[in-house]
Amino acid sequence: MGKIAIVLGATGVVGRALVNHLALNDQIEEVIALTRRPVDYNLDKVTNKVVDFEQLEEFANAFKGDIFFSGLGTTLKLAGSIKQQRQVDVEYQYRAAKLALSGGVNQYLLVSSSGANPDSNGSYLKMKGELEAKVIALNFPQTSIIQPSLLLGERADFRLGEKLASTLLPVICKLPALSKYRPITGEQVASKMCHIALHQTAHNKLQYYRLDELFNLN
């Protein structure tokens, strides 16, 4: 039998691409896309399960599977405050990870960020670093932390800063000293995550995948 893959953040720039990659892979039997609202993916293997993030524990059955991909996130502008952003970027994902572990998931893959650090002075990188530490402490049989830089791709919400950065960074980052900051597409990250999930060896209990590794991973 194939594996059951669960995707949290299945409408994001990585999540959408990830659902497609998984649905087309012969090793995957079913893809469970967890969303706030109904989404028609129009893919035979994909089951969309709508969950209330405020009451996640009531949807424990939606977290039963083999591989869990966590890519939920928001921006300070959309959230309205750092407190609300933290609710989405840290608390929802951590609670979901605990449910996945209880649901029998063996492999956990997290979309974090380059520079994530729980001691960072910046709220965004601090939140990413805190979440990394919290999910690692859950002690999944296999945990993969994905640390991309700026993610490029079509989004439901317009982000002026990211639009400007996506135009300027590819040019600026041709300089050798800045290459580690070059942006990467959500499609590229999704492809690499699918590869990692299906090819990671059992002895790799905890693995970090930073930007250069994501570009070079086959």
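The values are calculated or read from the model by the stated rules, or taken from the named source; none is laboratory data. None of the values given here were measured: they were computed from a predicted structure. Virtual Cβ from ideal backbone geometry, glycine too; neighbours counted across all protein chains shown. The area values use the complete protein model at the heavy-atom level, side chains included, leaving out ligands, DNA and RNA. Shrake-Rupley method; radii C 1.70, N 1.55, O 1.52, S 1.80 Å.
Points worth noting:
- Within the range 32-61, residues that are among the small types (G, A, S) have Cβ atoms under 6 Å from residues that are open to solvent by less than 60 Å² (accessible area, probe 1.4 Å) and not in a strand (DSSP E or B) in these pairs: A33/A10; A33/V19; A60/L99, counting only partners at least 6 apart in sequence or on another chain.
- Looking across the range 24-52, not a single residue is on the phi > 0 side of the Ramachandran plot and at pLDDT 95 or above.
- Looking only at the range 116-138, and only at residues there that are among the aliphatic types (A, V, I, L, M) and in contact with a Gly (Cβ under 7 Å, 6 or more places away or on another chain), the one that is farthest from K83 (Cα to Cα): A116
- Residue in the range 106-130 that is surrounded by the fewest Cβ atoms within 10 Å (Cβ to Cβ), counting only those that are in contact (Cβ under 8 Å) with a residue 40 or more places away in the chain and not hydroxyl-bearing (S, T, Y): N106
- Just one residue in the set A137, A133, A156, A177 is of a type in the set (A, V, I, L, M, F, W, C), at pLDDT 75 or above, open to solvent by 70 Å² or more (accessible area, probe 1.4 Å) and more than 15 Å from G71 (Cα to Cα); that residue is A137.
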